[in-house]
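Single-structure report; data block below.
The values are calculated or read from the model by the stated rules, or taken from the named source; none is laboratory data. Worth saying up front: this structure is predicted, and the values here are computed from it rather than measured. So basically every Cβ, Gly included, is an ideal-geometry build from the backbone, and we count neighbours across all protein chains shown.
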Amino acid sequence: MESYSLLLQAHSGWRYVVMLTLVLAILMSIAGWLGNKPYTPGNRKINLFALISAHIQFLLGLILYFISPLVKAGDMAIAMKSDALRYWTVEHTTMMLIAIALITIGHSKSKRLIDSVAKHRTVAIFYTLAFIIIIAAIALSGRPIIGR
Ligand code: HEM
Ligand code: HEM
């Protein structure tokens with residue numbers, strides 16, 4: 001199979017890993033925050049898995065950016081004229097980058113905190129914002145959130 005469709009399928013399928021680990025991390029951190037619970041090794045792991053999946057998705061997306069026929073970064077005048085080209089060249093990348101940055105910042109801020117509830121709260125807020133942006137970005141694409 002050619003590398004474009006292989007990467008597109010990998011990036012398309014990997015979204016479920018990102019969304020699933022993100023939702024789990026969010027639910028566990030909200031439970032820890034509201035329930036005043038200790039920050040466990042389980043919390044640390046799921047928060048890290050969500051970060052790593054987001055970074056892997058970023059790497060796949062970055063490579064796709066250079067080979068996708070729907071990305072026309074070299075000619076914005078053409079990209080802006082079509083909704084689909086503009087979406088994949090500008091909106092998708094910008095929104096997803098912001099989401100991944102929020103996950104990365106939330107993770108490292110939480111890591112540096114000592115207090116358990118503060119650690120949970122930081123992950124809960126940053127990861128939830130990121131999740132909302134990811135869902136909004138996929139909804140804007142006109143492609144289904146689940147399935148192709
Ligand atoms: C959490 C992060 C991300 C998620 C959940 C995500 C999700 C998706 C989804 C669902 C598609 C559609 C795939 C399909 O129709 O089968 C897609 C396509 C694409 N994404 Fe992402 N993406 C993310 C981050 C990024 C980033 C950071 C970049 C660029 C640096 C990027 C670049 C692209 C490109 C170029 C396409 C292909 C458009 C095409 O040729 O059909 N993505 N992404
Ligand atoms: C071009 C691609 C990538 C960029 C630009 C990037 C960027 C970053 C940045 C800025 C941090 C720092 C977070 C902090 O200060 O705590 C970080 C941490 C990390 N990234 Fe990435 N990353 C990329 C790809 C990946 C990939 C492919 C993986 C996994 C296979 C990965 C796994 C990690 C891990 C494990 C951490 C450390 C988390 C911790 O603090 O314990 N990253 N990355």
Open item on the list: Suppose we filter Leu97, Leu51 for residues that are within 13 Å of ligand 2 (Cβ to nearest atom) and farther than 24 Å from Ser116 by Cβ; which single one remains?
Closed with: Leu97
TODO: Please name all residue pairs, on different chains or six or more residues apart, with Cβ atoms under 8 Å, provided the first residue is in the stretch 31-52 and is within 19 Å of Leu20 (Cβ to Cβ) and within 16 Å of ligand 1 (Cβ to nearest atom) and the second residue is of a type in the set (S, T, N, Q) and modelled with pLDDT of 95 or more.
DONE: Asn47/Ser29; Asn47/Ser110; Phe49/Thr21; Ala50/Thr21; Leu51/Thr104
- [ ] For the stretch 55-65, state whether one or more residues are within 16 Å of Ser110 (Cα to Cα), within 15 Å of ligand 1 (Cβ to nearest atom), β-branched (Val, Ile, Thr) and in a helix (DSSP H, G or I).
- [x] no
TODO: Would you point out the residue of the stretch 2-21, among those that are loosely packed, with under 14 Cβ neighbours inside 10 Å and within 16 Å of the chain's Cα centre (by Cα), that is farthest from ligand 1 (Cβ to nearest atom)?
DONE: Leu20
Open item on the list: Gly106 - would you say it is at positive phi and either at pLDDT 95 or above or out of contact with any Asp or Glu (no Cβ under 7 Å at 6 or more places or on another chain) (or both)?
Closed with: no
Task: Positions within the stretch 90-117 being of a type in the set (Val, Ile, Thr), within 13 Å of the chain's Cα centre (by Cα) and away from ligand 1 (no atom under 11 Å from the Cβ), in sequence order - done: Thr104, Ile105
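Here is a yes/no grid of residues against (1) more than 15 Å from the chain's Cα centre (by Cα); (2) not polar (S, T, N, Q):
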residue	(1), (2)
Leu48	no, yes
Leu51	no, yes
Ala54	no, yes
Leu59	no, yes
Ser68	yes, no
Ala73	yes, yes
Met76	yes, yes
Ser82	yes, no
Trp88	yes, yes
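Condition test on Ile30, is it β-branched (Val, Ile, Thr), modelled with pLDDT of 95 or more and either away from ligand 2 (no atom under 16 Å from the Cβ) or in a helix (DSSP H, G or I) (or both)?
yes
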Open item on the list: Please go through (1) within 19 Å of the chain's Cα centre (by Cα); (2) farther than 17 Å from Trp14 by Cβ for Ile63 and return the number of the only condition it doesn't satisfy.
Closed with: (2)
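Hey, can you tell me all the residues within the stretch 29-38 that are among the aliphatic types (A, V, I, L, M) and surrounded by 21 or more Cβ atoms within 10 Å (Cβ to Cβ)? Walk me through it before giving the result.
Let us first name the residues in the stretch 29-38 that are among the aliphatic types (A, V, I, L, M), namely 30-31, 34.
Hits for the stretch 29-38: nothing passes.
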